[in-house]
Structures are given as structure tokens and as C-alpha cells.
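Where a number appears in this text, it was derived from the coordinates with a stated rule and is not lab data. In this text, all values refer to a predicted model and were calculated from it rather than measured experimentally. Cβ: placed from backbone, ideal geometry, glycine included. Neighbour counts: every protein chain shown.
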Amino acid sequence: MSINKLYDSFDNAVADVFDGAVILIGGFGPADGCPSYLIRALYRKGAKNLTLVSNGPGQGRPKPGAPPPPGPRRRPPNYDDGGLLIQNGQVIKCVCAFPGFGRPGAMSPFHQLLADGKMAVELVPQGTLAERIRASKAGVPAFYTPTGAGTIIEKGKETRMIDGKMCVLEHALKADFALVRANKSDRWGNLVYQGTSRNFNGAMAGAAKVTIAEVNEMVELGGLDPEGIATPSIYVNRVCSRKDSREGA
Amino acid sequence: MAERLDEQTMALRVAREFENGMVVNLGVGIPTLTSNYVPEGREVIFQSENGCLGYGRVAQTEAEQDFNLINAGGQFVIGNLGMCFFDHAESFSMIRGGHIDLCVLGGLQVSEKGDLANWLIPGREPGSIGGGMDLAFGAAKLIVVMTHSTKENEPKILKNCSYALTAPRCVDLVVTDIAVIEVTDKGLVLKETAPGWTAKEVQALTEPTLIIPPDLKVMSL
């Protein structure tokens, strides 16, 4: 039996996402680095009480007739972000670095639910977020960092002076699933990205119990330059391809 | 009273601080404008925390917009020779590991000790930290560029910041629309005033007492 991590449909790839799962979602700003097809599959699946970990919680879809949400207007084709799951009431907590600012009259789903007291947020400096994810991937249970010392970030955390610098103890971020977006994969799950769309995707691949990659297309094994593979196959459990997998069930 | 500098002119003044060979990270807002004013004959490499080192100018036309090439402010930028990409963990190893020579950030408040507050306006919780905290702790040198006072003309350079801190004692230089101020162990030193502004007028809009050196200059623009 040869190894083949490609799933025939996006829905099948997320079929075992359970209520209460902690999910890492890659992406940054308007870059084409958001696993939108996997997010839509999770929306159809309807798993609830999810904790989303991402740079920003996402804007979701504008309500019909409502003014457009704040943030960049231009989006990549076929785009959806984690805001869709928030809008759908599937999320109880967001762990993020940059939620943006809610604007009266044009609140994002995140800011609306937060204002309504229906969701919790843990705000994390972006580098600490990346490092907590990397630590989880690398088997480091916790680490000290100067970032956040002497600010409200250190509240409730251990602090310690190391080499004359006050540092904060931060813990690895444990997650059940990582949804990442890449450009190409082979049947082993090696990944290559495009430009700044790698962002959190490259950091998150391998940092959860199950990593599911959404790629534009599959190539034959050997079709990726070994020197150019950004995420080694060992970190990827499942692959869905926009070209080769079905969007529905 | 003389006119205040506009955002482009403030960006131009900040860019005079770029030295040849520096790796520079730019925050959202006025800081991103500084990339247009790299002084003639100097080469700097811009780092963006979303995983790019060595990107080019901001995209001007729709045809130049590439969804796989944006800066940390979400602006489309164009490619450049020598450019490379990496993931967020690598990017913040650069930032937290002290590899960034200079960072330029916007500010809400700066204290006389060099504390910076720039991510949370009271009443607009939870705020947005982004990569600013890591940059404030990790960059070798930090310049803050901001208007000197609020819209209500209240000082933004204070004895102590009242807003939540980004990092304590992190600011080296403040460039505003009326002055350039250096943070030193002895206090805030007024290095330059904008054309038409006197030291006394700048002091009136600044809470802590400024040190006025004998070589105080007018900004050359």
C-alpha cells in the first residue's frame, strides 16, 4: 500500500472535528493564505464550542444589505475566514494577536459576540503566539520570553529575571487540529507555499494532533524540489486540493 | 503658531535615520510611508513580520496587486531582488532574537522613561497587539512617529503613560509633527524643532520637562 494523504472531499477531511476542539487556522490579512475551503467544510459540519487560534479572528461574511465590514475590501477569490464560524455561533473562544477594532454600526462577528458576552478572547502578542505554536510543534512545554514583561500580558503568569531581563513564562499552545493553506503538495504531504501566504500556515503545520492542509494542486511524488519544500511531510496528516478534492461531501 | 508637519514629511524625517545596510521593520500607518524616503545612496532591507525580508515599494496599480505579496499592514507590495519568504515562527525569531536593527512604530503615548503605549485605547477593548509588542522588546533601536498632541491638543509625551503599555523603556527616538526628541538616561532631549516652532512652544505641548541642548537644530527637510 502506498502512502496517500489526499482526501477526496473537504467534508471528509474535517468529519472527525468534535465539539470543543481547539483549532489552529493559518492566514494573515488579505493574503491568499487562509484555508477557506476547510473553513466552509467546518461550517457545514457545524461542530460547536470551538476555540479558534489565529492571527486575527476574521471578518466573516457581510450581512445582506449591511455596510461592508471594516478592514481591507479586496479579498482573494473563493475567500472565507474564521469569522464565518464565529458568525455561525460555533466558536466560544478566540486566541489571537490582532482582532482589529470594532466600529459601531459595522461590528465584525468577533466584536459583536464579544460585546454580547457570548465569546471569550485571549489576546496574545503575535511573536508569543507564533512561539507558543512552535513550542507545541517542537515538544517544548513552556518558555521564558521578555515580550510582555512589565505590561498587562504578564498578569497571572510566572516572571523571572534572566540575564538581567525580566521574562514571562509562556506555555505551548496545545491544539487538536491545524487547518493550513499551501500552494502544492504531493501524496506524502510535503508542502510548498506562495510568498507571504506562508505566514502562520508554516508555523502551524505539525503543531496540532492532526494537521489538515488545503492546497491549490497536487503534484507527483518527486515533483517538488527537495531543497524548496517548506513543510516536510511528517507534519501533515491530511491533504485536500482545490483542484482534486470535492468541496461538498 | 507655525504649521505642523504632515504625515509624509514626518515619514521623510524618520527615513533620515535609516543607515546603510540596516534591516528595518515598519509598523502600520505613518511608519509604512517611510519606505518611500530611503536617503539616496543608502540600501536598507525591509522586514515584515508576516514572513518577508527584502520587499519593494507599495503596489501602485491594481495590476501590481498580488494576494501572495503583502506587508504586515495588509498593503500590497511589490517584489525586489534578494527578497525571501519564511513562516511566522522564523519571522519572530528574527524580531525577538534581536536581528532587526531598527523598528518604526506609531504611538498613542510615550513616557519620559521611554515607555510606549500604542495598542489599546480605553473603551475600545480588547485592543490589537499584533507584532508591536515583540518589536518593541526585540528591535535594537525603536523610533516612534506620532502627532505631538491629541486632537484635543493634550500632550501624548507624558511623565507616565496612562494607557496599557506596549513595552517599558523601549523608545530611543520620537519624531512628531513639531519636534524630534531623544530618550536618554537623563531625560528627554529636544534635538530638533519643526520649521517655525520654538523650544518653548514644543515644551508647552509636552508634559515632562525637556532638556534643551545648546546644539538644538531646526529640522532640515
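Quick notes on this one:
- In sequence order, calculated HN-Hα J values of region B:171-183 (Karplus, 6.51, -1.76, 1.60; Hz; x Gly/Pro): 8, 9, 9, 10, 10, 10, 7, 9, 7, 10, 10, 9, 8
- Formal net charge of residues neighbouring A:MET166 (Cβ-Cβ distance under 12 Å; K, R +1; D, E -1): +1
- Cα centroid separation, region A:97-131 to region B:14-51 (Å): 29
- Structure remark: mean-square fluctuation, Gaussian network model of chain B, C-alpha springs under 10 Å; the largest value among B:THR166, B:THR150, B:THR61 belongs to B:THR61.
- Assuming charge only on the beta carbon of Lys and Arg (+1) and of Asp and Glu (-1), the dipole of region B:7-218 about its Cα centre is about 460 debye to the nearest 20.
- Lysine pair count for region A:32-187 [Cα-Cα under 16 Å; pairs on different chains or 8 or more apart]: 6
- Of the residues B:VAL144, A:VAL239, A:VAL219, the one with the fewest other Cβ atoms within 10 Å heads the list, and the complete ranking is A:VAL219, A:VAL239, B:VAL144.
- Going from the fewest other Cβ atoms within 10 Å to the most, the residues B:ASP134, A:ASP11, A:ASP19, B:ASP172 appear in the order A:ASP19, B:ASP172, A:ASP11, B:ASP134.
- Between A:GLU122 and A:CYS94, A:VAL95, A:CYS96, the built amide H atoms are under 5 Å apart, and every one of these is 5 or more places off in sequence or on another chain.
- One equal scatterer on each Cα of the protein assembly as shown, no solvent, Debye formula: the resulting log10 I(q)/I(0) at q = 0.12, 0.14 Å⁻¹ is -1.04, -1.36.
- Neighbour counts of other Cβ atoms within 10 Å put A:GLU220, B:GLU17, A:GLU227 in the fewest-to-most order A:GLU227, A:GLU220, B:GLU17.
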